[in-house]
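The structure appears right after this line, and notes come after that.
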Amino acid sequence: MIAVVFLLALLGVLVFAAAGTAAVPVAEILMLIGVFIVFFGSGVYVAAVLGILAFLIGFMFSDRPWWLFAGQTLWGPSSNFVLVAVPLF
């Protein structure tokens, strides 16, 4: 159910963004939605699908090489005291 809501939200954002004057990469967004549907249809876990989509979005929509800032992006939440301490209780 959450996947369906997420997919509908993606489609809504696409329609809303395409109606504006800015250039929107419609083909890339439709390809990501297609990958999303294929992975969920094949029974892949939600966390794995969202992780793979995050990597694809980082590669497709970023002007700078994604691997240069991936370490900082992935390590940032683990060095936050609250995010580390709360699961320990």
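With the simple model of a label 7 Å out from the Cα in the direction of the Cβ, W66 to L30 spans 2.1 nm.
For the peptides 67-76, 54-63, residues were scored by their other Cβ atoms within 10 Å and the scores averaged per peptide; the highest-first order is 54-63, 67-76.
Based on protein heavy atoms only, the stretch 25-77 ends up with 69 Å² per residue of surface accessible to a 1.4 Å probe. Distance distribution P(r), the stretch 25-77, all Cα-Cα pairs, bin width 5 angstrom from 0: 4, 19, 24, 22, 17, 12, 2 percent. Would you mind getting me the FRET efficiency between V38 and T73? Use the beta-carbon distance for r and R0 = 30 Å, nearest 0.05. Here the calculated transfer efficiency is 0.75. Rolling a 1.4 angstrom probe over the chain with all protein chains present gives an accessible area of which 78% lies on carbon and sulfur atoms.
The values are calculated or read from the model by the stated rules, or taken from the named source; none is laboratory data. All values reported here derive from a predicted model rather than from experimental measurement. Every residue, glycine as well, gets a Cβ built from its backbone with ideal geometry; the counts of neighbours run over all protein chains shown. Ligands, DNA and RNA are stripped out before the accessible areas are found, and what is left, the full protein with its side chains, is counted by its heavy atoms. Shrake-Rupley method; radii C 1.70, N 1.55, O 1.52, S 1.80 Å.
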